[in-house]
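To start, the structure itself, in structure tokens.
The values are calculated or read from the model by the stated rules, or taken from the named source; none is laboratory data. Everything quoted here is computed from the prediction, not taken from an experiment. Note: ideal-geometry Cβ built from the backbone for every residue, glycine included; neighbour counts use all protein chains shown.
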Amino acid sequence: MTSTPAAGAPRTAVLDKDGLAALVAALVADGRTVVGPTVRDGAIVLAPIDSAEQLPYGWGVELEAGHYRLSHREDGAAFAHSAGPQSWKNFLHPQREKLWSADRAKDGELTVRAEPPEAVSYAFLGVRPCDLRAIAIQDRVLTGGHFRDTGYGERRRGAFLVAVECTAPGATCFCVSMGGGPGTDSGFDLALTEVIDGAGHRFLVRSGSEAGTALLDQLPCTAADRETRQAARTVVADAADAMGRAMPPVDLQRLMGGSLEAERWDDVAARCLTCGNCTMVCPTCFCTTTEEVTDLTGDHAERWQRWDSCFDLDFSHLHGGPVRSSGRSRYRQWLTHKLGTWHDQFDSSGCVGCGRCIVWCPVGIDITEEVTALKAEADTKGHAQHGTHEKEAER
Amino acid sequence: MTTSPTTPTTPADPAAPGRPTLAVFKLASCDGCQLTLLDCEDELLALSGEVEIAHFLEATSAVRPGPYDLTLVEGSVTTPADAERIRQIRAASRHLVTIGACATAGGIQALRNFADVEEFTRAVYARPDYIDTLATSTPVSAHVDVDFELRGCPVDRRQLLEVVTAFLAGRKPDISDHSVCFECKRRGTVCVTVAHGTPCLGPVTHAGCGALCPAYGRGCYGCFGPAGRPGPSGGSLSVNLPALIPVLHRDGMDDRDVERLLRTFNSAAFHAESEEDS
Ligand code: SF4
Ligand code: SF4
Ligand code: SF4
Ligand code: SF4
């Protein structure tokens with residue numbers, strides 16, 4: 001153990017694989033539900049794990065638009081993959097949650113009971129830097145405003161976050177161009193960087209909270225040596241240079257606002273299935289609807305909240321029918337909200353560049369490609385307009 | 001199915017006054033959707049407490065004449081006699097709900113819509129002149145007004161109960177029109193198309209089954225027919241079938257495979273989608 005300057009002060013140390021196993025064991029012993037990456041059904045999914053043995057040691061992923069495949073890795077890395085089919089939203093903002101129930105007694109008296117959120121204390125292992133930003137966005141959306149999602153708030157408050165910096169970005173990652181990157185300095189309890197070289201397979205670990213430091217103090221770790229720190233810096237810097245994609249460097253909010261009548265929406269609508277997968281996998285999409293459940297007698301009723309999506313016709317249903325009935329208007333809603341009006345609502349972009357919507361779109365519609373095309377269209381029109389103005393001026 | 005007994009029997013327990021009456025009828029179908037109702041074992045007792053089952057030959061030969069408050073109809077219209085019968089059923093029903101792919105889309109028997117029925121009857125029956133059938137198999141909604149269509153081959157038990165419960169409570173059934181992919185993602189299933197290259201009709205198929213097949217590593221077969229709801233021009237507002245075909249090809253299907261995949265229980269409805277958009 002290194003000497004600790006003050007209890008709870010941030011620490012940096014090195015864990016080996018046994019140390020990582022001890023970390024998982026300590027979180028489990030703490031009574032937490034530990035959720036981490038593990039191989040299931042041909043993918044690295046996020047699921048409850050009870051030991052570090054379930055981590056995807058030796059597995060990587062091959063990502064492309066509409067394409068995901070597992071691949072073997074010679075180096076035996078546990079975290080050399082990128083965003084998978086789910087995100088932490090699946091746990092913090094679950095797809096279906098009971099809000100309240102009501103019972104009518106024989107005498108007609110009605111009792112309404114709020115449903116307390118399930119008391120679960122999570123530890124998330126392997127939160128990527130893009131996902132840390134996504135969680136921060138959902139925090140703002142779901143707990144930062146006037147209408148608060150208490151269930152989300154409870155789960156979020158109790159969650160212990162172990163971030164993992166990225167060393168193997170996928171071909172669909174573009175966090176750097178969204179203002180993020182494969183490294184992180186805040187928003188976690190512990191952060192790991194996996195280093196595999198001649199000196200062995202190990203994890204540089206930094207604490208980012210008192211709880212993180214307290215846990216780290218219990219673990220069998222060694223002092224953070226210069227070589228490991230340097231190696232960790234290098235792998236993360238290399239990852240930043242290895243982004244598979246990039247969002248064009250434009251003012252996205254302005255581009256979206258100015259593109260409402262773009263022809264490109266017709267082009268993408270011809271390819272879009274309006275299946276909703278992009279919104280379901282997006283770690284920031286938060287929309288829900290409510291459903292009323294009654295039993296046959298009508299004496300018992302429940303209200304549930306469930307994930308919704310702007311690709312659902314019911315999403316914009318007003319009396320008479322859906323406002324956004326065409327695929328064009330629904331795709332446009334998704335993109336212009338994500339990249340444009342999100343800024344007006346929540347002071348940030350709704351996209352962190354994780355690439356999930358690209359990978360899990362069955363037809364491989366690529367948000368960066370659509371923006372590139374919208375920008376090209378805006379540029380051409382701008383030029384055309386500009387040209388007209390000049391001609392008019394000449395006349 | 002047997003025909004109705006000539007003398008209607010009175011139920012042993014006289015109906016409480018004001019209990020709504022429920023009737024179940026079938027046209028051309030396999031009985032599977034009605035069986036789904038019988039399969040609601042835990043809820044059947046509660047159901048029979050809330051409604052008077054006035055006509056349900058699959059369950060009891062005791063039948064009462066209409067009018068009925070809620071009528072469930074299974075099966076498609078394939079004969080002139082059924083075309084007439086569904087009009088009578090409609091006339092005797094306050095609310096008419098069609099259940100299953102046959103009643104809502106014509107069923108697998110709508111394959112005849114793409115072929116010559118006379119040729120079939122000649123090939124199959126020793127005495128084709130005994131067969132009195134229509135050239136097409138059509139959904140009930142092509143003949144009479146329908147209050148609600150519940151999709152599926154067969155219908156989903158949970159959804160069927162929801163529809164019956166909603167009609168009893170006088171509210172709109174909570175049945176989503178979106179794609180199977182919504183349910184698949186909510187269920188946490190790894191997409192079989194993206195991760196395994198397995199052809200799947202989920203993106204164009206109406207939700208309702210809970211994304212059963214992908215959860216077992218199989219592609220969706222389209223049992224619930226096209227997603228969405230009909231738009232003003234007839235085709236679904238939410239299905240872009242032509243956009244899915246290249247993905248099916250990418251995942252190893254040739255034109256014949258695609259045709260077979262689309263020509264099952266909802267063949268007529270999927271056919272309308274390919275016509276609509278192409
Ligand atoms: S829009 Fe796409 S890339 Fe951006 S955060 Fe959502 S899923 Fe990730
Ligand atoms: S993009 Fe659509 S589903 Fe996502 S948050 Fe916005 S409106 Fe909701
Ligand atoms: S963009 Fe892709 S994932 Fe999103 S609704 Fe369209 S087809 Fe589905
Ligand atoms: S497996 Fe099929 S139903 Fe599920 S998300 Fe993929 S395409 Fe949609």
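Given (1) in contact with a strand residue (DSSP E or B) (Cβ under 8 Å, 6 or more places away or on another chain); (2) aliphatic (A, V, I, L, M); (3) in a helix (DSSP H, G or I), where does B:V239 come up short, assuming only one miss?
Every condition holds for B:V239 apart from (3).
In this structure, is A:T288 in contact with a His (Cβ under 9 Å, 6 or more places away or on another chain) and modelled with pLDDT of 95 or more?
For A:T288, the condition - in contact with a His (Cβ under 9 Å, 6 or more places away or on another chain) and modelled with pLDDT of 95 or more - is met.
In this structure, is A:G298 surrounded by 22 or more Cβ atoms within 10 Å (Cβ to Cβ), facing another protein chain (nearest Cβ under 10 Å) and modelled with pLDDT under 95?
No, not satisfied.
Considering A:V268, A:V205, which residue is assigned by TED's automatic domain parsing to the domain that holds A:G58 and within 26 Å of the chain's Cα centre (by Cα)?
A:V205 is the lone residue from the list that is assigned by TED's automatic domain parsing to the domain that holds A:G58 and within 26 Å of the chain's Cα centre (by Cα).
Restrict the check to the range A:190-197 and report whether at least one residue is in a loop (DSSP other than H, G, I, E, B) and either away from ligand 4 (no atom under 16 Å from the Cβ) or without any contact (Cβ under 8 Å) to a residue 40 or more places away in the chain (or both).
Scanning the range A:190-197, I find no residue that is in a loop (DSSP other than H, G, I, E, B) and either away from ligand 4 (no atom under 16 Å from the Cβ) or without any contact (Cβ under 8 Å) to a residue 40 or more places away in the chain (or both), so the answer is no.
Does B:A207 satisfy the criteria of being free of Cβ contacts under 8 Å to residues at least 40 places away in the same chain, touching a His at 6+ places or on another chain (Cβ under 8 Å) and either within 23 Å of A:C278 (Cα to Cα) or outside the structural domain of B:T36 (by TED's automatic domain parsing) (or both)?
So B:A207 passes the test.
Give the residue that is farthest from B:V163 (Cα to Cα), with candidates limited to residues of the range A:301-327 that are among the polar types (S, T, N, Q) and more than 10 Å from chain B (Cβ to nearest Cβ).
Ranking the candidates gives A:S316 first.
Sort out which residues of the range B:159-182 are farther than 27 Å from A:G298 by Cβ and away from ligand 2 (no atom under 16 Å from the Cβ), and write them in order of number.
B:V180
Among the residues of the range A:204-245, what is the count of those that are surrounded by fewer than 16 Cβ atoms within 10 Å (Cβ to Cβ) and in a loop (DSSP other than H, G, I, E, B)?
Adding up the residues that qualify gives 3.
Could you identify the single residue in A:V293, A:V250 that is outside any loop (DSSP other than H, G, I, E, B) and either within 14 Å of ligand 3 (Cβ to nearest atom) or surrounded by fewer than 21 Cβ atoms within 10 Å (Cβ to Cβ) (or both)?
Every option except A:V293 fails the conditions.
Take the range B:237-263 and flag every residue that is more than 23 Å from the chain's Cα centre (by Cα) and within 27 Å of A:D266 (Cα to Cα).
B:P242, B:A243, B:L244, B:I245, B:P246, B:V247, B:L248, B:H249, B:R250, B:D251, B:D255 - these are the residues of the range B:237-263 that are more than 23 Å from the chain's Cα centre (by Cα) and within 27 Å of A:D266 (Cα to Cα).
Looking at the structure I just gave you, is B:R186 of a type outside the set (A, V, I, L, M), within 27 Å of A:R96 (Cα to Cα), within 10 Å of chain A (Cβ to nearest Cβ) and within 16 Å of ligand 2 (Cβ to nearest atom)?
It is true that B:R186 is of a type outside the set (A, V, I, L, M), within 27 Å of A:R96 (Cα to Cα), within 10 Å of chain A (Cβ to nearest Cβ) and within 16 Å of ligand 2 (Cβ to nearest atom).
Which helices (runs of 4 or more DSSP H) does the range A:317-379 wholly contain that include 3 or more residues that are outside the structural domain of A:D139 (by TED's automatic domain parsing), under 22 Å from A:G181 (Cα atoms) and within 16 Å of ligand 4 (Cβ to nearest atom)?
Where helices (runs of 4 or more DSSP H) fall fully within the range A:317-379 and carry at least 3 residues being outside the structural domain of A:D139 (by TED's automatic domain parsing), under 22 Å from A:G181 (Cα atoms) and within 16 Å of ligand 4 (Cβ to nearest atom), they are A:356-359.
Taking A:C166 as the residue in question, decide whether it is surrounded by 22 or more Cβ atoms within 10 Å (Cβ to Cβ) and part of a loop (DSSP other than H, G, I, E, B).
yes
Which residue is nearest to ligand 3 (Cβ to nearest atom), if the candidates are limited to the range A:253-285 and must be surrounded by fewer than 20 Cβ atoms within 10 Å (Cβ to Cβ) and over 18 Å from A:T380 (Cβ atoms)?
Checked the range A:253-285; the qualifying residue nearest to ligand 3 (Cβ to nearest atom) is A:R271.
Looking only at residues in the range A:40-54 that are in a strand (DSSP E or B) and surrounded by fewer than 18 Cβ atoms within 10 Å (Cβ to Cβ), which one is farthest from the other protein chains (Cβ to nearest Cβ)?
A:P48
Quick check on my filter: what residues within the range B:221-232 are within 11 Å of chain A (Cβ to nearest Cβ) and touching a helix residue (DSSP H, G or I) at 6+ places or on another chain (Cβ under 8 Å)?
B:A227, B:G228, B:R229
Which ones in the range A:256-283 are among the hydrophobic types (A, V, I, L, M, F, W, C) and more than 16 Å from ligand 2 (Cβ to nearest atom)?
A:A262, A:A270
So, A:L273, is that one within 16 Å of ligand 4 (Cβ to nearest atom), in contact (Cβ under 8 Å) with a residue 40 or more places away in the chain and not assigned by TED's automatic domain parsing to the domain that holds A:R140 or not?
Here the answer is yes, as A:L273 does meet what is asked.
Could you look through the range A:310-340, keep only residues that are in contact (Cβ under 8 Å) with a residue 40 or more places away in the chain and under 19 Å from the mean Cα position of the chain (by Cα), and pick out the one that is nearest to ligand 1 (Cβ to nearest atom)?
Restricting to residues being in contact (Cβ under 8 Å) with a residue 40 or more places away in the chain and under 19 Å from the mean Cα position of the chain (by Cα), the top hit is A:K338.
Where in the range B:59-173 are the strands (runs of 3 or more DSSP E), entirely inside, with at least 2 residues that are in the same structural domain as B:P230 (by TED's automatic domain parsing)?
By residue number, no strands (runs of 3 or more DSSP E) qualify.
Residue by residue through the range B:190-215, note down the ones that are at the interface with another protein chain (Cβ under 8 Å from one of its Cβ atoms), buried (at least 24 other Cβ atoms within 10 Å of the Cβ) and in a loop (DSSP other than H, G, I, E, B).
B:C191, B:C200
Are there any pairs with C-beta distances below 6 angstrom linking a residue in the range A:10-39 that is in contact (Cβ under 8 Å) with a residue 12 or more places away in the chain and surrounded by 17 or more Cβ atoms within 10 Å (Cβ to Cβ) to a residue that is part of a helix (DSSP H, G or I) and among the β-branched types (V, I, T), with the two at least 6 apart or on different chains, and if so which?
Hits for this filter: A:R11/A:T213; A:V14/A:T228; A:V34/A:V24; A:V34/A:V28.
Restricting the search to the range B:159-173, which residues are surrounded by 19 or more Cβ atoms within 10 Å (Cβ to Cβ) and within 7 Å of another protein chain (Cβ to nearest Cβ)?
Within the range B:159-173, B:T165, B:L168 meet the criteria.
What's the total number of residues in the range A:82-125 that are surrounded by fewer than 18 Cβ atoms within 10 Å (Cβ to Cβ) and among the aromatic types (F, W, Y)?
So the count comes out to 1.
Would you tally the residues in the range A:82-117 being part of a strand (DSSP E or B) and of a type in the set (A, V, I, L, M, F, W, C)?
6
Limited to the range A:281-309, what total is found for residues that are free of Cβ contacts under 8 Å to residues at least 60 places away in the same chain and either within 16 Å of ligand 4 (Cβ to nearest atom) or within 16 Å of B:P173 (Cα to Cα) (or both)?
Residues that pass the stated criteria total 9.
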